[in-house]
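For reference, the structure discussed in these notes is given below.
The values are calculated or read from the model by the stated rules, or taken from the named source; none is laboratory data. Only a predicted model underlies this, so the values are computations on that prediction, with no experimental measurement involved. Because the Cβ atoms are built from the backbone with ideal geometry, glycine has one as well, and the counts that use them run over all protein chains shown. What goes into the accessible areas is simple: the full protein's heavy atoms, side chains included, and nothing from ligands, DNA or RNA. Shrake-Rupley method; radii C 1.70, N 1.55, O 1.52, S 1.80 Å.
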Amino acid sequence: MLLAPLILFGAAGTLLLFYFLNAGNEEAFRDNLLPELIGFCLEGFFLVGLFSLIQFRLERDRKNELRLSLRGALREILSHMDIALLEENAEPASSQSLDQDPKLVKALFVKLHKSDLHLRSLLSIKEAAARNINTMHDLIPVAAQLSADHMRWWLAIVESVRRLSEATDKHSVNFAAQKFLMNLGEFDQLSL
């Protein structure tokens, strides 16, 4: 739909140019109106088509920034999970991978499913969730600006973080953390 005006004005200008150049008569219509019609088509081509493409790109960049701000709100929880599941002699994930890398979420889910976390690690994840739940709740309108699907999965993430912050035993913390990572993985798979 975005390319339709661009194609329409470009094709109309090209057809008018070739039609009037190939016509054999030298009339006032050809001499006076031909440059105006060609100019109108070129203006439409540039103004409607190219500016629409620029606006589309800016909107896509804005949505990407909104998505990154949502992921940034989850950085502390993901960082505590990453540290809790860190293998011996391994480096913790960088801030950039915590904010942007969907593979990290999948890797954390697999590690969490296979390992048994220490009580201190579970407590730090639970406390991080409790500190961030209000911020995540406040970001629901930001998720709604992306799409309805983004908002639905963000609500599921907020609910899993709430359950994580309210968990009272090791099993419920582990279950809520797995649910959080599953919901975040689904959120990451959505396109902008």
Mind listing whichever residues of the stretch 144-163 are buried (at least 16 other Cβ atoms within 10 Å of the Cβ) and in contact (Cβ under 8 Å) with a residue 60 or more places away in the chain?
L146, H150, W154, I157, V161
Which one of A128, A167, A93 is at pLDDT below 95 and within 24 Å of L192 (Cβ to Cβ)?
A93
Counted residues, the stretch 157-192 - those being within 20 Å of K111 (Cβ to Cβ), assigned to a helix (DSSP H, G or I), more than 12 Å from the chain's Cα centre (by Cα) and of a type in the set (A, V, I, L, M, F, W, C)
11
Give the residue, chosen from L50, L6, L17, that is open to solvent by less than 70 Å² (accessible area, probe 1.4 Å), at pLDDT 75 or above and of a type outside the set (S, T, N, Q).
L50
In the list P141, P102, which residue meets the criterion of being in contact with an Asp or Glu (Cβ under 6 Å, 6 or more places away or on another chain) and either surrounded by fewer than 17 Cβ atoms within 10 Å (Cβ to Cβ) or of a type in the set (S, T, Y) (or both)?
P102
Applying the selection to the stretch 109-126, what residues are open to solvent by 40 Å² or more (accessible area, probe 1.4 Å), farther than 16 Å from L184 by Cα and in contact (Cβ under 8 Å) with a residue 24 or more places away in the chain?
S115, H118, L119, K126
Against the condition in contact (Cβ under 8 Å) with a residue 40 or more places away in the chain and either open to solvent by less than 70 Å² (accessible area, probe 1.4 Å) or not aliphatic (A, V, I, L, M) (or both), how does L181 come out, does it pass?
yes
